[in-house]
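The values are calculated or read from the model by the stated rules, or taken from the named source; none is laboratory data. Keep in mind the model is a prediction, meaning the values are calculated, not measured. Neighbour counts run over all protein chains shown; Cβ positions are idealised from the backbone, glycine included. For the accessible areas, the whole protein counts, side chains as well, though only heavy atoms, and no ligand, DNA or RNA atoms are used. Shrake-Rupley method; radii C 1.70, N 1.55, O 1.52, S 1.80 Å.
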Amino acid sequence: MKRHFEDLQLGSIELFCLAAEANSFTAAAQTAGVTPAAVSRSISRLEERLGSRLFVRTTRSIRLTESGRIFFEQCRQALTQLVEAQQAVMGAQSVPSGLLRISIPTTYAHHRLLPLLPKFRALYPQVSVDIHISNRNIDFVAEGYDLAIRVRAQPDSSLIARPLEEAELVVVAAPAYLKRVGTPQTLEDLPGHECIQYELPSNGRRISWLFQVDGKAQEYVGAAGYSCADDVLGGVTLAKHGAGLFQTYRFIVEQALAEGSLVEVLKPFGGRSRPFTLLYPHGRYVPHRVRAFVDFLLGYRELWAKDSTLP
């Protein structure tokens, strides 16, 4: 096999990928434990060797050129495979360790995952966890995430999807609101009520309320004086303070229902749900920290199906 890397050092390629991911020589230097000047010199040598500019530099920022983007996509995959090869050789019995990066929506973060993380880290103290709480879609590779949890996850051949639970939906309101306005008895009563809406942050579209009428699925989107974007929990807080009706997941409001600060309405038309799914990239080798977390979280799947109040 002919050698190709006498002059093109893997260390320079790694620094280039760090800079491309962070859009910053300084951030790449901090990650690598070197100076920004060292990163700049290394990338300049790499550009000279390749005969092509990889970055457009200004006094305040850097951005990839088209050649840099192509080189980055290929190098990122190659470096990932090298890391996986190294980890595979270290053996399947290695203790899970390293940084685990997770993207998770607000609802599932506060009412499911965050309460469990101390238990996970007690089992795997060498794994540190970086949690990104947001409802936006992510790019696993470009943003460096190991796992994500999503509701209504779209099919993606590049990702492994593991179902977590079918989260039951309920319509709730504060007792004070129901005393003031009345309790809806049928779906036809909804136009006469303040129905707090949740809007998708990606496109501003209002999420339909889901019902079941005589065994048939039915949706409702009402005009509202209140709407929340990005954080579903905002709708719950509004409902608790008497703003109106709100449809959300039972596991979020179970305690409030038990305490009486919220009341469930339209029970005969309930029973609908939305699926939450655990996602992580396909790969010949799944890092031990990822496999450990997947097994840990899936262990709660049957418990949540039996009792939605469990964290």
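Condition check ((1) in contact with a strand residue (DSSP E or B) (Cβ under 7 Å, 6 or more places away or on another chain); (2) among the acidic types (Asp, Glu); (3) surrounded by fewer than 21 Cβ atoms within 10 Å (Cβ to Cβ)) across all residues:
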| position | (1), (2), (3) |
| --- | --- |
| Leu245 | yes, no, no |
| Gln255 | no, no, yes |
| Gly260 | no, no, yes |
| Arg272 | yes, no, yes |
| Pro275 | yes, no, yes |
**Q.** Test: residue in region 116-134 that is among the basic types (Lys, Arg), open to solvent by 60 Å² or more (accessible area, probe 1.4 Å) and more than 22 Å from Pro287 (Cβ to Cβ)
**A.** no
Q. Where residues in region 16-48 are in contact (Cβ under 8 Å) with a residue 40 or more places away in the chain and open to solvent by 30 Å² or more (accessible area, probe 1.4 Å), which of them is nearest to Leu79 (Cα to Cα)?
A. Glu21
Q: With respect to Glu194, determine if the residue is exposed (fewer than 14 other Cβ atoms within 10 Å of the Cβ), assigned by the TED database to the domain that holds His241, modelled with pLDDT of 90 or more and over 30 Å from Ala19 (Cα atoms).
A: no
